[in-house]
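The values are calculated or read from the model by the stated rules, or taken from the named source; none is laboratory data. These figures come from a predicted structure and were not determined experimentally. Note: ideal-geometry Cβ built from the backbone for every residue, glycine included; neighbour counts use all protein chains shown. Surface areas here come from the heavy atoms of the whole protein model, side chains and all, with no ligands, DNA or RNA. Shrake-Rupley method; radii C 1.70, N 1.55, O 1.52, S 1.80 Å.
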Amino acid sequence: MSMPLAVRLMNERRALQALLNDGAMSRAGLARALDVTRSTASSIVANLVADGRVKELSAPAEDGGQRTGRPGIRVALDPDHALFLGADIGAQLIRLCAVDYTGALRHGDARPLAGGRGPEAVADQLARMVTDYRATLPRPGAVAGLSVAVPGVVDAEGCVSRAPPLGWGKVPLRDALQARLPEVTVVRLVNDANAFAVAERHAGDPAPPDEALYILIDEGVGGCIFAGGRMVEGAGGFAGEIGHMPFGRPGHGTLAGLPEAFENHVARSAVLTHLARCGGKADTLEALSTLLAEEDPAARKVLETWCADFGRGLAVLATLFNPSEIVVGGAVAMLFGQRRAACLSALGAHLMPGTPVPRVRLATLGAEAPSVGAARLLHEAAFAAPL
């Protein structure tokens, strides 16, 4: 009697997850992992090989000993079965990456914004980057989809509700990209901080904490909250917009039109504006870093103020969400790396006695994280959905 379709699809999905998590294994090993008979495992593998998702590998016997006859055959995911594209639209650069069927990073590209920050110019440039990459592939049809991270709020229809670092509001970006990429499915848009968090959870601890907060600091400030091991998105997808939380006093900029917003105290433009007001001369974070290394008084003052403000903001977040870990990433995170102790001192000074102090660490990944996270969201969805 043939296996019912629903059961077969469920078993094939379980097999793919086992191969993704544990790597190549024999049919007997897969049978043990799935708790099915060896004949059932062989049938599952046959279907997956025929579908191109799995391939056979010649390998030594599992016990490592010598044997005669046919060598042991293991099966593994075929990395070339599908490629998942992730892009990150920043205020200065567009990044594009590809993740293969095993979850490995296969491609990375970063290009400065060539035609300005306008939606049409950005859509044109990203479409060219995707087209250029597909032209290098022996099988362009392997591209299973594109996911795009943006520094702002997005809705389920693929519209950017607002992205202050880009000056965007109500931009139907997914439709604009789809019109330019008819051979690629533009699956979704995602907030860049959420994408950063997904990438970081893959790259860091193999068992990331269930209660965690991820902060991405660049041109603006974004956040992503994990509670119970799940991302918290809120009623309208606005959860984690910590850059817009009121800070009680005006900062050094007017991002999002909110002078008192947290990001107007700690984001890139706020830091550089504050430096200019203090008499310092640096147009980039790299130049600021050089001034700090030279013990420039204005740069040191800016850093001290930044640490105090960032630590205070961390205290607010720790009080509200009680995370066990806070991960800090993005270009401006280098300031935390330079004066971690000062930031943590400011954090502790603003907490009630006895309040648990979360672990605060720098992100494992660099500037590529949001694009990698956007691609990984598609990869995760492919393994979660029925075949």
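Odds and ends about this structure:
- Using the Stokes-Einstein relation with a Kirkwood hydrodynamic radius computed over Cα pairs, the translational diffusion coefficient of region 224-337 at 4 °C and a viscosity of 1.567 mPa s comes to 86 µm²/s.
- The chain: most fluctuating residue of ALA114, ALA341, ALA50 per GNM, C-alpha cutoff 10 Å: ALA50
- Where GluC sites (Glu not before Pro) in DSSP loops with at most 11 other Cβ within 10 Å are excluded, longest remaining stretch of the chain: 1-156
- Positive minus negative residues near CYS343 (Lys, Arg vs Asp, Glu; Cβ under 14 Å): +3
- log10 of Debye I(q)/I(0), alpha-carbon scatterers only, for region 188-284 at 0.10, 0.21 Å⁻¹: -0.33, -1.01
- Of the solvent-accessible surface of the chain, computed with a 1.4 Å probe over protein heavy atoms with every protein chain present, carbon and sulfur atoms account for 53 percent.
- Between the helical axis of 119-135 and the longest alpha-carbon principal axis of the chain there is an angle of about 30 degrees.
- Partner lysines for LYS281 [C-alpha distance under 19 Å; skip if fewer than 8 residues away on the same chain]: LYS301
- In the chain, the alpha-carbon atoms span a convex hull of 184 Å³ per residue.
- Cα gyration tensor category, rounded, prolate or oblate, for region 88-222 with a/c compared to 1.5: oblate
- Of ALA349, ALA293, ALA193, the one that fluctuates the most in a GNM where the chain has Cα springs shorter than 10 Å: ALA293
- Once you reduce region 325-355 and region 222-301 to the center of their Cα atoms, the two points are 13 Å from each other.
- Rg/Rg_globular for region 1-45, with Rg_globular taken as 2.2 N^0.38 Å and Rg from C-alpha atoms: 1.05
- Range in the chain, longest, excluding exposed trypsin sites (Lys or Arg not before Pro) [loop by DSSP; at most 14 other beta-carbon atoms within 10 Å]: 68-280
- Taking Cα atoms only, the orientation of helix 297-321 departs from the longest principal axis of the chain by about 60 degrees.
- With Cα atoms, 0 to 90° folded angle of helix 369-384 axis to the chain main axis: 30 degrees
- Residue-span extension gain [THR136 to ARG361] - 0.36 nm each, minus C-alpha spacing: 77.2 nm
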